[in-house]
Structure formats: C-alpha cells, structure tokens
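Each remark here refers to the structure printed beneath this line.
No value in this document is a laboratory result; all are computed from the given coordinates. Just so you know, these numbers come straight off a predicted model, no measurement behind them. Note that we place each Cβ from the backbone using ideal geometry, even for glycine, and neighbour counts take in every protein chain shown.
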C-alpha cells in the first residue's frame, strides 16, 4: 500500500528510482516534532513569497524557498536539498504533474500541473465545477487520480495513504465531529497517533490558545458560531503537525460580515506558522487578497497560475482576463482608433481602468486617438463613479473621479482607451493603443 | 375568522374523531379484550396457564429466535447501510430495493422459500441430510424465517440518517489516521445510535410476533418448534381459551413495553439531534 515508514523521515531521502520515500509516520516522533513548528515566527515574511516579485512565466517556478521550516527541523534539512534536486524542481514543495481525474463521463481534472513553493499560501480559484475541489481532494488522497504525479516535499505520494501524507484538511463545512466536544475534536488526530495523554493535553491547549478558543473545550460544535467552528477545524487540522494544510472553501459557510475578518485572521495565522497551505475558493477577491499564488482552474484545466498581481496584469487566457477583475468583452475591437491592426471580428477584454474619460471642459490629451462617447449611466461606487459609456456601438465601463465636473446620462465625452487584452484562440495578450504608445503616452500601467 | 378557517375546524374535528374511533375500535378494544380474557378469572389461573410447560417452552423459543434474528439483522443492517451510503458500486439501487423485499412479500411465501430450499424437495436437502443438519422443522428454520421477515428494519432506519449526514466526518477521521473500527466507533456510531436502537426495537417487536413464515417452517412440534404465536393458535383451536389468551397477554405486554421504549428512544434522539446537528 505505501512505502515502509522510516523514523523521522519528514523530508524523505530520495530513493534510487527518484520516487517513493516515506511520509511522516504517525508516531510519537511526529507529535514531539510539533513543538518547534508551532513557534510563531516573527519574520514570517521570508516564508511568504512577495507578490511584488512575480516569476517571469505564468507557471510557478522557484520563487522564494522558505528557510524558517528547515531551521525548525535541523536534522532533516540536509536531506531535503538532496531530495529536492533529485525528485522535484527546486523549492517546489507541492507539485502536480499531468494529473487527470474523471468521474464517469465527467472529466474533473485534465492534465493539471502546477507547483507551490514551501511556506506559501496557494489558492485554487475557479467557478463551480471547474475541478478545484477535486484537485484538493486528490492532493489529500481522498480521491485517486487516474494518472499523473502528485508530490509533496519532493516525494511522490500517489500511492501513500491519506493519513500518511502529513496533511491537515479543513473541510468546507468543517466536518467537525458533532458528538465530540472541542477538546476531543482537536485531540482526535493526536489520539490516533497514540500520543501520550499529557502531550495531547499540552498540544490541544497550545492550539486552542493559538486560535483564541480557550475556555470552550467542553462545548460541542453545535454550540459554536460559524467563525468558532472554523477555528476549531483549523486547530484540529493543525494538531498532528501536518506539513501541508488544505482548506476547502474555508469561508463559504460564514456570513459575509465575519468573512473578511476571518480571511485576514487565517492569512495571518498561516504566515505566522509558515505552513505551506492551499485553499479552494470561487471568490476571486478572496483568492487575490489572501493568497501568495493563485491557480485558476476552468473545466478541469489549469488556466494560469501565478501571483495575484500577475494574473490581473497579464492574463494568459481569455478566461483569466474575464474571470479576474472586472472587464467587458468586445467583438471586433479593430474599429476603435489605435487598434486598427486587430483582425476583423477579433475579441478583446477591456477593464474599466483601461478607459480614461476626459472630463468636459478640460483639454483633451491625444485628441487624435480619443473616441467620442455617450454616457449611458452613472452610478455611485463609494469613492468614485462608475460610468457606462457607449463608444462606436460598444458599451464600456469606466471609473470617474468625483473631483471632476459632474456627468449625467446623455452627456457626450471624449475617452481614451489605453489598452486591451486581445484574445487569440485560447491565448490572451496585452495590446496597447498604437497611437498612444508611438508617442510615449506618459501613462505607465501601474497597479 | 373566515369561512375557510371555520370549515377547516369542522373538518379537523371530524377527522380526528374518526381516527380515534377507528384506532379504538380496531386496535385498542381487541387488545383490551385479550387482557380482560386473560385475567377474567383472576391472576392465579393466568399464572397457571402461563407457567404450563409447553407455554413456557414456546416463550423461551420465541425469545431465542428473536435474539438471534435481531442480532443477525442488526449486523446485516449496519453493513448494508454502511455499504449503501459510503460506497458507490454497480447495482446499489437494486440492493436497496432487495432489502425491502420482505415488506412486499407475504411471510407465507418466505416460509415456503425455505421449505423449497432446505426441505425434502429442496436442492440443498441431499447435502443437509448427508451432514445431518436439520433446518426445516427445527430451530434454525425458525431463525432463518424470522430473519427474512425482519430483514429491512434496522437497515431502513439507519440508511436515511447516514445519507443525510454525508461522509465528511468519516473522511476527516480517516485523514487523521483513524482506522475503520475507530472511525465507526467514535464518529459514525454516535450519529446512528438512536436510529439503530429504534430499528432494533421495531425488529424485536416484529420478530416476537412473527407468525406466517414461522408457521410454514415450524412443523408445529409442541415443545420443540412451537414459538409463542404458534402456540397461541394451537391452544385457541383446541378451545383452551384461557390459556391462549393468557399467552397472548404476554405478547401484548411485550409489544406495549417495546412501544414505550420506542417512544422514549424517539424522544431522546430528537433532543440529541437538537444539541448536535447544526
């Protein structure tokens, strides 16, 4: 069933074949290892890849290997480097290669490949039915892939039992044991490892303190609020000291008010612990605000994987361009001035921030490339106005500062369209307005 | 109050009264009749009839048969419910339908099935005689017939509970390294314990009173293969009215006790669900 467990093989030594190696055996050694790993690391920034420095390509590659984890487990660090060079791309702590899965006729995952460096928080983002939960469950071992390799910490885990993969899993509805109180819920994973009683008590107390759940040990899940349940689920998943934390739609069951608060709590908690984590979400703002790396899935495929800013700024496919951020899709955008090179009937996506509305009464820059537009509607969006404009038969959205002269529906204005995401089959690329770029427009695209 | 409300109230009164009248006339009255007949001449004659050798043996046999059948069906019910709700396999819908067969088939047919299988004309007969195993017209036959008739009770009670609950708690337990037995004992069982007990109670009540299937396979050997319901019938046919009603009173008392137990379990399980589910 699985490779023979070796003592303390948290980072398994490479086997001659380059695969295999044992996951952490659920022994007391695992429990005792946990002490250094729960230490809150003040300098957690090192373990979280900075979103400001995205890798060049869409595929994730060696970003910033976390060093904090290695120092917490000194005897194993030497072995990791050996394993990493032999078994997996450098610093890819979790990696999937060509993973397929179908349920009957429904293909939930097609050739899924991505990798995640150690200590980072990844988000699997996609619409419902896009295969993201299936991917997460395959990593956990709750589903068996039809093909492809799943690696954790450099070793292939496909054939390793879920409980031996060293994974903490937070289920969508938390799946707390309803007939056990909070203490027993958190202690469950330690009890199955046959940890000594004193050790269990100590560890549970530690985790309840971490999740600010002290004093609620005797409560049953039915007596807790949604946010408290999530924290218990989190504590329970962390109790056996997993090397990878997986969360399935962790905020879906929580009302919108508490969600934002929990989001930053979880983000903070994960980066303090420095544990490599992956969560599933269908909410793009959740993924973009919380994750270091976002893997966008659609129809069982990985559309693009990268830091949030990169996905926003440089979507690789039409799907990503539409799914991340706001955008309007135009057909035959070649008739817009400055985009005459586009093939007839070509599609593109335009974000509101690509469209500049020249306030009436102010001098129009680049007059030769400005388009005439009619304001169709004006709606107040808190800090700015959102305009819907009609430009050469297209309807475009744009933001408009409250500081400028007011506009109302029916007004005629000049607009500049700086750039669009041009679709070319299943690819998307950024196309700048040729009339602006030839003169050096002075507007650098900064987000 | 509008017209509809008034009419509904009248309708309600009529329906409730009709229900009570029906239950009283066809269920409560006959049962009271049984008890009244049993104690018509006082407690002493009742006790004498009940402590008659053959009646005592019939009661003992009924209890043995019931215990064995309920034990088997509890085990089977747990396995079937687990299989049906936790795995997907071809023929799952068919299996669920099969579980219900005893509800649809007449108990007499069930008895005949065993006669045709293990009796003199049955295909298993040569093998059984060769190994000197008696099934039909012996205790094993009674147990088998009772198992057949009470087959669905436990599984039927557990399947809806397990279906409604989903599998994620078990998945969580397995991910945390719990084995099958531990997962069942500490995660699944607490959820289904009341449904299980409820099913066991219904199963017991049905097994105690089973007549049709048992009658076919019993052979009516007094003191050997006569269960209490069969014994009651024999006594009644032989005009031992007092003895037959006294024995019947035992069955009625058992049924009432089981009903009370059932209601208690139902109450507890509802309270339990209030505390733990959502």
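If I take every Cα pair under 8 Å that is 6 or more residues apart in chain B, average their sequence separation and divide by the length, what percent do I get for the relative contact order?
29
Report, as a whole number in µm² per second, the diffusion coefficient that Stokes-Einstein gives for segment B:74-169 at 37 °C and 0.692 mPa s using the Kirkwood radius over alpha carbon pairs.
Approximately 217 µm²/s, per Stokes-Einstein.
For residue A:368 and residue A:285, what does the FRET efficiency come to when R0 = 35 Å and r is the distance between their Cβ atoms, rounded to the nearest 0.05?
Calculated value: 0.40.
Find how much the distance from residue B:121 to residue B:184 grows on full extension, using 0.36 nm per residue of separation minus their present alpha carbon separation; answer in nm with one decimal.
Value of the extension gain: 18.3 nm.
Please order B:86, A:429, A:322 by the number of other Cβ within 10 Å, starting at the fewest.
B:86, A:429, A:322
Within a 10 angstrom radius of the beta carbon, how do B:19, B:215 rank from fewest other beta carbons to most?
B:19, B:215
Please arrange A:165, A:236, B:237 by counting, for each residue, the other beta carbons lying within 10 Å of its beta carbon, fewest first.
Lowest count first: B:237, A:165, A:236.
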